[in-house]
Structures are given as C-alpha cells and as structure tokens.
Amino acid sequence: RSAGGDLLIAGNIRLHPRVSIVTTVYDRVDCLAHCIRSVRRQRFCDYEHIVVSDAPPPDVVSRIGTLVHSFNDERISYINLHERHNNWGIAPAAEGLRRTRGEYVAFLSDDNGYTPEHLATLVGVLDQYPELGFAYSSCRYAGRLVLRHPVPAPARIDLGQPMFRRELFTRHLDDDLPFQMMAWDWALIDSFVQRGVRWRHVDVASFVFRLARYPQLMVRA
C-alpha cells in the first residue's frame, strides 16, 4: 500500500456519485487541464473526479491546485502523495482507488481523455448487464490507429478503456493495486479475467490515448 496522501481539495464530500474517475498526474499540468476538460464535457454527469499526484515539487503541487480550483467544480478533488514513488503510477492510482465512492470506477491518466459519450456508453452497458464486472470501449490510440479488440489481451487494451464495478477491487484485491511492474495495467485487467470476471467490449472509440495527438478533440476553454 502507498504511504497515503494529503487531501488538498476536497470537492463535495456529500456527493454519492455513480462513477469515480481516478486520474494520476505526473507533473504534466498542461496535459491535466485538457484531461479534466474532456471529463467535464461528458453527457453523463454523475461522477467524481479524483486527481492524485505523485509528490511532485511544491511549485507543481501549487499549479495543480490552482488548476483544479479554476474549474470551480465540486466533483473534482485533489490528493498529493506524502512521498514520491515513481512506480508507473501505481501508488497514486491505489490511493485514488481507496478514496472512491462510486458504484463504478475508471482510471484516466493525465495525458489521456474521453469523447463526450464515453461514460454514458459504459454506464449504460453495466446497468443493463449486472452480470458483467467491467465493460470497455475502443481506443483512439496516439493518432495512429484504433484499438478495438473484442477480447482483452496484452498491448491490445489500455487501462483507460474499461469501467469496473467498484466491488471487484474489494472482493478480489483488498481495495489495493498489488502490482509492481511497468505493465501493471494489463496485470490488473488479467487478474479479473483469470478470476472469471465477465466483461463486454463496446466498439465505440470513446477513450483517447495521448489526447494531444487529437487536437480536434481538445477543448481549449
């Protein structure tokens, strides 16, 4: 488990969102701005957005805090870890996971984003099929191709694509991300698949890997 973090911006603790989005940020404040804007454009609005930084220098913490404040959105909170981990985003993602309050959970790195229908599409599938543990979209991948593989496999799915039922992490992983490898995102997905968790692919390219490669999708204001 991580060393914990300080809740610097609390958002509205009275919210009981259906979806929790955990965004790990690695000192890239400009990327984070576009990431948050893509979330705020969602047609589905019943979410909380938890931003977690990996103990960057104080000036970066200040810039992230100023950015989050600038949106004046009670759905967004900001946590900064007590110490730097540099472990491929695992520690900040795990800290964010433990703070989630939603029925569903998604992970979104600071340099990625969503098209406006992303959350609505996946929530709709999980609501319709309660036997599923997660559903995932297709992925616009770095301006080069679309990942639309119907079966999860290494290098064929990114962690930003799935939406998971929150209960999976309690039942199978003790509310933690017990991985220590670069490809931990695949290890997480595979750990659920190997436990017999059911899933469904939705061929809508609504997750955007490397949002900066798609200037037509970036919101400037």
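The values are calculated or read from the model by the stated rules, or taken from the named source; none is laboratory data. This is a predicted model, so every value here is computed, not measured. FYI the Cβ positions are ideal-geometry reconstructions off the backbone, even for glycines, and counts take in every protein chain you see. Protein only, heavy atoms only, side chains kept; ligands, DNA and RNA dropped before computing areas. Shrake-Rupley method; radii C 1.70, N 1.55, O 1.52, S 1.80 Å.
Computed values, structure above
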| item | result |
| --- | --- |
| Extension gain (nm, one decimal) between D174 and R210, 0.36 nm per residue minus Cα-Cα | 9.9 nm |
| Computed label-point distance, nm, for sites M181 and H149 using a 7 Å Cα→Cβ extension | 1.5 |
| Heavy atoms of C31: accessible area, 1.4 Å probe, square angstrom to 10 | 50 |
| Residue list for segment 43-63, given a label point 7 angstrom along the Cα-to-Cβ vector of L7 and an amide N cut-off under 19 Å | 47-55 |
| Accessible solvent surface per residue of the chain, calculated while the other protein chains remain in place, 1.4 angstrom probe, Å² | 44 |
| Label zone at Q128, where the point sits 7 Å out along the Cα-to-Cβ direction: segment 26-51 residues whose backbone N lies under 16 Å | none |
| Length gained when the stretch W88-R37 is fully extended (0.36 nm per residue, less Cα-Cα span) | 16.0 nm |
| Solvent exposure, largest accessible area first (probe 1.4 Å, DNA, RNA and ligands not counted), of Y104, Y141, Y214 | Y141, Y214, Y104 |
| Potential extension, C45-A142 segment - 0.36 nm per residue separation minus Cα distance | 32.3 nm |
| Relative contact order %, segment 1-142, counting alpha carbon pairs below 8 Å whose residues are six or more apart | 38 |
